[in-house]
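The values are calculated or read from the model by the stated rules, or taken from the named source; none is laboratory data. Not measured: the values here are computed from a predicted model. Note that each Cβ is placed from the backbone with ideal geometry, even for glycine, and that neighbours are counted across all protein chains shown. For accessibility, only protein heavy atoms count, side chains too; no ligands or nucleic acids. Shrake-Rupley method; radii C 1.70, N 1.55, O 1.52, S 1.80 Å.
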Amino acid sequence: FFHVTWQCHNKDWFLQWNWAKRLYYDLLLKYKDKYGVQIYSYCFMDNHPHLSGHLENKEDFSAFFRIVNSLFARLVNKRLKRRGQLVMDRFRSPRIEDDRHLLTVMTYIDLNPHRAGKVKHPKENEWSSFAYYAYGREDKLITPAPSYLALAETSTTRQRVYREMVTALLNQPREINISDTYFIGNPDWVIAKYKELKAALSSIRGDRERSPPA
C-alpha cells in the first residue's frame, strides 16, 4: 500500500491548468493496469499530485511512474514550448502498514485543497477521488479500497460514513501531516519500522567506515 506525492521542478506550477491535470489523469489511467498498480485515491494540486493505492511489486511500480511522469513532462513541455526538467527526480512514498490505515491517507488526501485554502470543502474540488467515495460519482481511474468497501454493506451507507469521516477531520483544530514521514500505521508498528531503518542505516555507515579508501 502506498501514498505517493512529487513536486514539480523548482516547485513550479505545471499542474495548475485543467488540461495538465486531465493529461496526468489519462496517463495514469492508460498505464496502471499494465504495471499492476491500483489507484485507490488521488488529488491533483497545482504543483503536485497525491496518489494512494496498492502495488504488485516495487520494480513495476517504479517503471509505472517513470513512464507516466516522463510522458507527462514531454507533453507539457511540448505544449508550453519549453525545454528542461518538469518533474522532480524523486517522489515520496511512505510505506503503509495495511489497507485500514489507507483510509487515513485517503481522507488526508481529500483535505489537501482545503488546507491550502483553495476550497472550503473537498466537494468543491473537481480533481480528486472524493466525489467517488462520498457521492458515488463514476471515476474510471479508481479501484475501490477494500477498507472502504468494508465500511458498510450498501453503497449509500458507505458514502455517508465516508462523508462523516472527512467532516470529522474538517472540524479538528489539529492539523496532521503524513507527507513528511516514512511509515503510516499503528504507533507500535511505526516505531518498530523506524528502529529497523535506523539499524540498517547504521550498518551501511559502519560498512563504509571499515572500507579502505579507493
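What the table shows:
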| read-out | value |
| --- | --- |
| Residue 20, sole failed condition from (1) under 15 Å from the mean Cα position of the chain (by Cα); (2) under 14 Å from residue 71 (Cα atoms) | (1) |
| Sole residue being closer than 23 Å to residue 30 by Cβ, of a type in the set (Asp, Glu) and surrounded by fewer than 15 Cβ atoms within 10 Å (Cβ to Cβ), chosen from 138, 124 | 138 |
| Residues of the stretch 2-47 that turn out to be touching a residue at least 24 places away in the same chain (Cβ under 8 Å) and on the phi > 0 side of the Ramachandran plot, as a count | 2 |
| Counted residues, the stretch 10-34 - those being within 15 Å of residue 75 (Cα to Cα) and open to solvent by less than 60 Å² (accessible area, probe 1.4 Å) | 9 |
| Conditions (1) at pLDDT below 90; (2) over 16 Å from residue 40 (Cα atoms); number of the one not met by residue 147 | (2) |
